[in-house]
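The next block holds one structure in the form of structure tokens; read it before the comments.
Values quoted throughout were computed directly from the atomic coordinates according to the rules given, and no laboratory measurement underlies them. Keep in mind that what you see is a predicted model, and the values were worked out from it rather than measured. Using ideal geometry, Cβ is built from the backbone for each residue, glycine included, and neighbour counts are taken over all protein chains shown.
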Amino acid sequence: MSYTEHAYDYVDHGGTAESSRQLGWPEHQVIKTLVMEDERGAPLIILMHGDRQVSTKNLARAIGVKSVQPCKPEVAQRHSGYLVGGTSPFGTRKAVPVYVEASVLALDRILINGGRRGFLVGIAPEVLTGPLGAHPVQCAL
């Protein structure tokens, strides 16, 4: 599978708006990797369009748990092995279930974190459900 590398100047709290601005990509195609946990504290990753928010209520319903909430940064880092702002769904420290907003899969190409702050990779979204094994859900607000 082919991929492209995209480096940018990381800005604290800049998020996908900053990376899309610097790289000239639509923010809708810059995918954020969010580490969350269910009511038992079990971690999960949700991949969402940069310009959309996650409905934790809809996500919980879609994956069959009572509730889902974002992890605190230090907890997210412990689960993923990555610094917040550089979290990739690939190569996480622990095996964690990965979910992807279904509409991401309709895009031609996406940018997603490559494992460090200021570094994104361009891939076909099929990589998310193929090699990564992400499960499609509908949870965007």
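HN-Hα J couplings of segment 128-141 from phi, Karplus 6.51/-1.76/1.60, θ = phi - 60°, integer Hz, Gly and Pro as x?
5, 8, x, x, 6, x, 5, 9, x, 9, 10, 8, 6, 8
Under 8 Å for C-alpha pairs, at least 6 residues apart: give me the relative contact order for the chain, rounded to a whole percent.
28
Taking the chain on its own, what percent of its Cα-Cα pair distances exceed 21 Å?
Value for the chain (Cα pairs over 21 Å): 37 percent.
Give me a comma-separated list of calculated 3J(HN,Hα) values for segment 95-100, in order, Karplus coefficients 6.51, -1.76, 1.60 applied at θ = phi - 60°, integers in Hz, x for any Gly or Pro.
5, 10, x, 10, 10, 10
For Glu74, put the label point 7 Å out on the Cα→Cβ axis and report which residues of segment 21-47 keep their amide N under 19 Å from it.
Counting only backbone N, you get 35-37, 41-43.
Treat every Asp and Glu Cβ in the chain as -1 and every Lys and Arg Cβ as +1, leave all other atoms uncharged, and give the resulting dipole magnitude about the Cα centre to the nearest 20 debye.
Dipole size: approximately 420 debye.
Could you give the length gained by full extension between Ala17 and Leu83, i.e. 0.36 nm per residue of separation minus their alpha carbon distance, to one decimal place?
Additional length available on full extension: 21.9 nm.
Around Arg21, under 13 Å between beta carbons, what's the net of Lys plus Arg minus Asp minus Glu among the other residues?
Once all neighbours under 13 Å are counted, the net charge is -4.
Efficiency by 1/(1 + (r/R0)^6): what FRET value for Ala95 and Tyr10, r their Cβ-Cβ distance, R0 = 25 Å, to the nearest 0.05?
Plugging the Cβ-Cβ distance into 1/(1 + (r/R0)^6) gives 0.40.
For the chain, what is the mean residue ellipticity at 222 nm derived from helices alone (per DSSP H run of n ≥ 4: -39500 (n - 2.57); sum divided by total residues; nearest 500 deg cm²/dmol)?
For the chain, the value works out to -5000 deg cm²/dmol.
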